[in-house]
Amino acid sequence: MASPDLFPNVAFSDVSASAAPAAEGATAAFGVSAATGGPRLSLVKAGKPEVEPTVEIDLSDAQIFKLGASEWLCVYGESEAKAGVEEKSFSRAIKVVLRTEAESKAFSLAFQRWKQQVISGKAGEPLENGSIIASRSKFDTKIEASSAKMYFHYYGQLLHQQNMLQDFVRTGTYYAAVMENRSDFEGRVVVDVGAGSGILSLFAAQAGARHVYAVEASEMAEHAQRLISGNPSLGQRITVIKGKVEEVELPEKADILISEPMGTLLVNERMLESYVIARDRFLAPDGKMFPTTGRIHMAPFSDEYLYVEMANKALFWQQHNFFGVDLTPLHGSAFQGYFSQPVVDAFDPRLLISPPTYHTLDFTSMKEEELYEIDIPLSFVASVGTRVHGLACWFDVLFNGSTVQRWLTTAPGSPTTHWYQLRCVLSQPLYVMAGQEITGRLHLVAHSAQSYTIYLTMSAKMWGVGAEQGGILQTSTGKLELKEPYYRLSQPQSYMPQDQQQQQQLPSLQPQGSEQQMQEGLSPGITIDQVDQECGLH
């Protein structure tokens with residue numbers, strides 16, 4: 001083979017002209033059309049110069065279908081115009097036969113690499129009989145174009161990839177999970193879903209994979225190609241494919257899928273859906289998935305410091321004379337707005353007031369639609385008497401290898417990852433006693449901005465005499481937007497016993513006092529009870 005985009009000694013024939021003999025010893029060449037500037041495939045009969053192709057196929061509306069180990073059917077649209085007759089469009093099919101199975105795989109990958117344009121019909125528009133219209137992928141039908149553009153731009157930057165690579169817990173756990181399970185990778189075909197920089201593909205190659213297909217939709221695919229090419233001993237077994245897993249075609253089934261599809265609260269960015277789609281499209285029936293299973297963990301927490309910090313933000317809108325303007329009409333909306341932001345930070349596990357529970361997602365068997373709406377019932381028993389300020393959440397994933405089972409966890413108290421933990425803070429805390437039951441519901445609803453709306457309900461059940469009769473003493477609800485969290489990573493993450501939290505002085509909007517107090521971020525004279533009174537909580 002002269003180049004990755006040139007295939008000599010192929011045979012091709014026009015399926016619609018079955019009587020015509022197949023062109024033997026022809027050349028298939030991918031390139032750019034001089035007429036349109038778009039990608040094209042030229043099929044040139046032997047003896048013809050390449051500048052005069054026998055068949056030229058516009059790849060923008062072409063599709064290929066595998067007929068055999070080294071045979072492909074290429075279907076595309078053509079038009080015919082005659083003087084005085086309306087132009088007609090029709091489909092044409094060309095059968096292309098490669099010399100070897102290896103060339104057949106390379107031909108398929110070259111086709112996908114060159115095919116950059118997708119034509120889709122407008123909603124409600126009737127399609128002409130016989131025309132080739134490539135339908136929008138599942139990704140495009142679920143996700144807003146503006147959100148997808150920002151998402152792929154973000155992950156196309158090396159600085160963000162560096163941030164993930166430098167997360168030693170993340171990268172080290174993936175490396176260990178792969179290397180400790182070499183028997184799963186040796187001689188196997190691997191698909192890296194959302195390959196990013198290509199690091200997981202290189203890990204799989206190190207573990208002895210026969211071939212790795214690194215699928216990446218963002219501009220990071222070009223960087224991944226350079227990184228992989230710069231490691232030739234491994235890169236010769238890795239093929240980078242730029243495109244979405246919902247759209248690309250692979251020449252063979254995978255024995256293993258590997259991916260890092262986890263977002264904040266496990267499900268943010270909705271890449272888990274693409275991971276499941278890749279499973280259905282590419283994974284052999286007995287194939288493995290790394291990771292295999294995910295779990296969302298939850299527990300109620302008490303953190304007066306955090307609560308007052310959130311409430312303090314809205315005190316700005318309590319001003320009656322801001323340059324002569326009364327801001328108080330907007331205080332209620334501002335107060336609820338701050339509490340609609342999930343808090344992302346690392347917290348002390350001693351803030352939890354009950355053992356956690358968890359919800360399991362089995363990536364090997366779950367349906368994609370199960371991720372559209374996730375409903376988790378909550379039930380806890382308070383271990384202390386305190387104010388419950390909301391629900392703390394984190395996740396872990398399991399790599400269920402044949403040799404070693406390894407967990408990657410983001411739990412509080414464990415080494416911190418770039419995911420940290422997440423807390424949903426209630427604008428109205430609950431008061432509970434030790435032994436009192438806390439029930440509720442965590443309801444996650446996916447939306448087209450590649451995230452979820454969180455609906456949280458927490459209730460304190462009756463306690464003490466007559467508690468066996470049931471009933472709810474107090475309920476608090478919250479609606480939060482997972483896509484717009486409050487990153488509280490630079491704030492102090494101190495812990496203090498519950499009895500001291502009630503008396504702790506906390507930061508106000510504009511701290512004034514001694515230099516030491518200002519350095520510590522504390523404000524003299526603003527207490528929890530005072531904030532509660534100003535916010536209308538007493």
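The values are calculated or read from the model by the stated rules, or taken from the named source; none is laboratory data. In this text, all values refer to a predicted model and were calculated from it rather than measured experimentally. Ideal geometry is used to build each Cβ from the backbone, glycine not excepted, and the neighbour counts take in all protein chains shown. The area values use the complete protein model at the heavy-atom level, side chains included, leaving out ligands, DNA and RNA. Shrake-Rupley method; radii C 1.70, N 1.55, O 1.52, S 1.80 Å.
In this view, the solvent-accessible surface of Ser33, computed with a 1.4 Å probe and all protein chains in place, comes to about 10 Å².
Taking all protein chains together, Thr239, Thr416, Thr410 sort by accessible area into Thr416, Thr239, Thr410, largest first [probe 1.4 Å]. Checking the Cα-Cα distances for Lys149/Lys242; Lys105/Lys367; Lys313/Lys483; Lys95/Lys138; Lys66/Lys244; Lys149/Lys313 against a 26 Å cut-off, the pairs over it are Lys105/Lys367; Lys95/Lys138; Lys149/Lys313. Under a no-solvent Debye model with one identical scatterer per Cα of the stretch 331-401, what's log10 I(q)/I(0) at q = 0.21, 0.27 Å⁻¹? Summing over Cα pairs of the stretch 331-401 leads to -1.18, -1.31.
Taking the convex hull of the alpha carbon positions in the stretch 133-187 and averaging its projected area over all directions gives 6.9 nm².
Remark: relative contact order (the stretch 291-428) = 39 percent; criterion is Cα-Cα distance under 8 angstrom and separation of 6 or more residues.
The stretch between Glu373 and Phe65, if pulled fully straight at 0.36 nm per residue, gains 107.4 nm over its current Cα-Cα span. Fully extending the segment from Thr54 to Glu101, taken as 0.36 nm per residue of separation minus the present Cα-Cα distance, adds 14.5 nm. Scanning residues 5 or more positions from Ala214 or on other chains, those with amide H under 5 Å from its amide H are Asp192, Thr239, Val240, Ile241, with H placed 1.01 Å from N in the peptide plane. In percent, rounded to a whole number, the relative contact order of the stretch 162-272 is 26, using alpha-carbon pairs under 8 Å and six or more apart. Contact order, relative form, for the stretch 245-353: 24 percent (alpha carbon pairs under 8 Å, 6 or more residues apart, mean separation divided by residue count). Accessible area of Glu180 (1.4 Å probe, protein heavy atoms only, ligands and nucleic acids ignored): about 60 Å². When Tyr338, Tyr275, Tyr305 are compared by accessible area of protein heavy atoms, the largest-first order is Tyr338, Tyr305, Tyr275, using a 1.4 Å probe. Dipole check for the stretch 193-263: with +1 at the C-beta of Lys and Arg, -1 at the C-beta of Asp and Glu, and the Cα centre as origin, the magnitude is about 260 Debye. Simple rule: put +1 on each Lys or Arg Cβ and -1 on each Asp or Glu Cβ in the stretch 197-299, find the dipole, and look at Ala207, His297, Gly243; the Cα lying farthest toward the positive end is Ala207. Within the stretch 201-319, the proportion of Cα pairs with more than 21 Å between them is 54 percent. Measuring with a 1.4 angstrom probe and ignoring ligands and nucleic acids, Val445 comes out at about 40 Å² accessible.
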